[in-house]
Amino acid sequence: MKFIFPQNYNFENKILGIIDYTTALFNVIWYLIIFLILFFLPLSFQIKLFIFILFCFPLFLISFTGFNGENVVYVLKYLILFSVKQKLFFYEK
């Protein structure tokens, strides 16, 4: 059986069909950084858990809901570039 995909169809590999690999890798690195910072702080477990959830859960939600199918890493890159020099970005296709 052969499947015919249109030429303008973007086929991207995703984990469980939900989140792409670069976003998942970015999330894991971010979670590890937050975990290691909190691991060395002399705080109680409940406060560490609260801070971990506070910094990681919004990124987790944004990763799954996304920005109209756009990669989270690219969105963060565009936001940082725009904040550095606030000009309009026009890209040619």
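The values are calculated or read from the model by the stated rules, or taken from the named source; none is laboratory data. From a predicted model like this one, the values you see are computed outputs, not experimental measurements. Every residue, glycine as well, gets a Cβ built from its backbone with ideal geometry; the counts of neighbours run over all protein chains shown. Heavy atoms of the whole protein, side chains included, go into the accessibility calculation; ligands, DNA and RNA do not. Shrake-Rupley method; radii C 1.70, N 1.55, O 1.52, S 1.80 Å.
Any idea how many residues of the stretch 65-88 are exposed (fewer than 12 other Cβ atoms within 10 Å of the Cβ) and part of a helix (DSSP H, G or I)?
6
Looking at the structure I just gave you, is Val28 open to solvent by less than 60 Å² (accessible area, probe 1.4 Å) and assigned to a helix (DSSP H, G or I)? Let's see the steps before the verdict.
Details: open to solvent by less than 60 Å² (accessible area, probe 1.4 Å): no; assigned to a helix (DSSP H, G or I): yes.
In short, no.
Filtering the stretch 36-64 down to residues that are open to solvent by less than 90 Å² (accessible area, probe 1.4 Å) and of a type outside the set (A, V, I, L, M, F, W, C), which residue is farthest from Lys14 (Cα to Cα)?
Result: Ser44.
Collect the residues in the stretch 38-64 that are among the β-branched types (Val, Ile, Thr) and closer than 22 Å to Leu76 by Cα, keeping them in residue-number order. Walk me through it before giving the result.
Going through the stretch 38-64, the residues among the β-branched types (Val, Ile, Thr) turn out to be 47, 51, 53, 62.
Residues satisfying the conditions are Ile51, Ile53, Ile62.
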